[in-house]
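Below you'll find the structure, written out as structure tokens, and then a few comments.
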Amino acid sequence: MLAAALAFLAGLLIGSFLNVCIYRLPRDLSVARPSRSFCPACEETIAWYDNIPLLSYAFLRGRCRRCHEPISIRYPLVELATALWFGWAVATMGPTPDALRLCIFGAILIALVVTDFEEQILPDEFTLGGTVVGIVLSLLIPLHGGIAHIFLYDKGERIASLGEAGLGAAVSALMLWLLRWIYEKVRHREGLGLGDVKMVAMIGAFLGLQGAIFTIMVGSILGSVVGLGFILIARKNAATYELPYGSFLGFAGLVVAFWFRTGF
């Protein structure tokens, strides 16, 4: 329980940093400079005591201390979601390398879900950078099972794991790119962005081919059902309205990782 509690606290801090990335990366702002957070409304630097995850938002009642403009509820939600994911990962798997990989994967997906929902942008720092991280981690913290293990098992667990991560990234990205190409040829307009293709490559690097395929399936179902429901309720034009498919993919990736957590 102590390890899970510490992971929860670490998740709060990582969630706070993710909020910085979610705001700055789509605007081409550095996440390092300025090092201190600032209010988006008045651009006043936020004091450390006003930047404590969850608590400061509650104490300030969701408003900036200086200009009193509302602070988006997204900030505490991202912090809480990341903390819960970290705490659950360690509570389920213990303080292990597998839990660490699961935490990293969840943090990247949470950031992508929110960024695509708010800005309809999937930053390369998370998609391409996440793909590299997933492939490197497959060597350090081997994936268990997968198609590549059948053909590369005699080469050793780490090589088989690397092959599974590479296969998951390449094949899943190719699948989504083909769907994107076919849609454009049939409908004569873009249905999926390249960011979605890069994102599913990252998911494949962490989950392997089977996990990536399940993610695409679940994400597509969610996008169809939830997206269509939103379009009907909001009275949007289904022919032109662009749904944040990356958000559905990210949520699906979290669901698949949760379901197949013992495969990590």
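Every read-out reported here was derived from the displayed coordinates using simple, explicitly stated rules and does not represent laboratory data. In this text, all values refer to a predicted model and were calculated from it rather than measured experimentally. FYI the Cβ positions are ideal-geometry reconstructions off the backbone, even for glycines, and counts take in every protein chain you see.
Observations, loosely collected:
- Extension gain for residue 230 to residue 157 (0.36 nm times residue separation, less C-alpha to C-alpha distance): 21.8 nm.
- Annotation for residue 96 and residue 45: the two label points, set 7 Å from Cα along the Cα-Cβ direction, are 4.4 nm apart.
- The simple spin-label model puts a point 7 Å past each Cα toward its Cβ; for residue 118 and residue 74 those points are separated by 0.3 nm.
- Of the DSSP H helices in the chain, those whose Cα atoms cover at least 24 Å axially and whose Kyte score averages 0.0 or more: 2-24, 74-93, 97-119, 157-187, 194-234
- Only Cα sites of region 96-264 enter the Debye sum here, all with the same form factor; the resulting log10 I(q)/I(0) across q = 0.12, 0.14, 0.15 1/Å is -0.51, -0.68, -0.77, listed in q order.
- Here residue 190 and residue 6 are evaluated by their C-beta separation; at R0 = 51 Å the FRET efficiency comes out at 0.70.
- The chain: relative contact order in percent, alpha carbon pairs under 8 Å with at least 6 residues between: 19 percent
- Here the spin labels are modelled as points 7 Å beyond Cα on the Cα-Cβ line, and at residue 150 and residue 60 they lie 5.4 nm apart.
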